[in-house]
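Enquirer: My questions all concern the structure below.
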Amino acid sequence: MSYSYNFFPGAIEDSDCPWCANNDNPLIKGDDAVSYNWDKKTNTYKLDIPTYKEYEGLTAAQIACFYGFGNDEAFIAAYRTHIDKTLKKGTEQQKQVLKKYLGVVNSNKKRTPNQLEKKASAGGTTFYGPKNP
């Protein structure tokens, strides 16, 4: 299975619309492939990640982030190597946004997360953000 992924920041500036994606400014982007094996007992495909030390493809934790939106701590743990690379070699805007994101996630560990509220709607999609105190 081949995966193409692009984790982008969404709205960056306070003046950005709630649905602004900024997908042209990726924080983490890549193309990787993994193998799955058919498990006859469970009738499911099982991820087959090589165990050799030099393996640089996707891990189960990284793939889980494709479906587990909103789990910032899991994303940071799974993509730590990619994040560190972007912090060293990314554009100034990528570095700035990524540092701000990491700071927000780190500060949220120390307090109760904000509840969400509806912020806007467009084309049948509803956008949510943290409730203002």
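Enquirer: Residues in the stretch 79-101 near a label at Y55, defined as backbone nitrogen under 19 Å from the 7 Å Cα→Cβ point?
Expert: From the stretch 79-101, the list is 79-82.
Enquirer: Efficiency by 1/(1 + (r/R0)^6): what FRET value for K119 and K46, r their Cβ-Cβ distance, R0 = 25 Å, to the nearest 0.05? Intermediate results must be reported in sequence, preceding the final value.
Expert: Working: r = 40 Å, r/R0 = 1.59.
Rounded to the nearest 0.05, the efficiency is 0.05.
Enquirer: In a shell of Cβ-Cβ distance under 15 Å around D48, excluding D48 itself, what net charge do Lys and Arg (+1) and Asp and Glu (-1) give? Could you put the intermediate results ahead of the total?
Expert: On the way: positive: K40, K46; negative: D32, D39.
Value of the local net charge: 0.
Only the coordinates and a few stated rules stand behind these numbers; no lab work does. For clarity, every value in this text was computed on a predicted model and none was experimentally measured. Quick reminder, even Gly has a Cβ in these numbers, built from the backbone with ideal geometry, and neighbours come from all protein chains shown.
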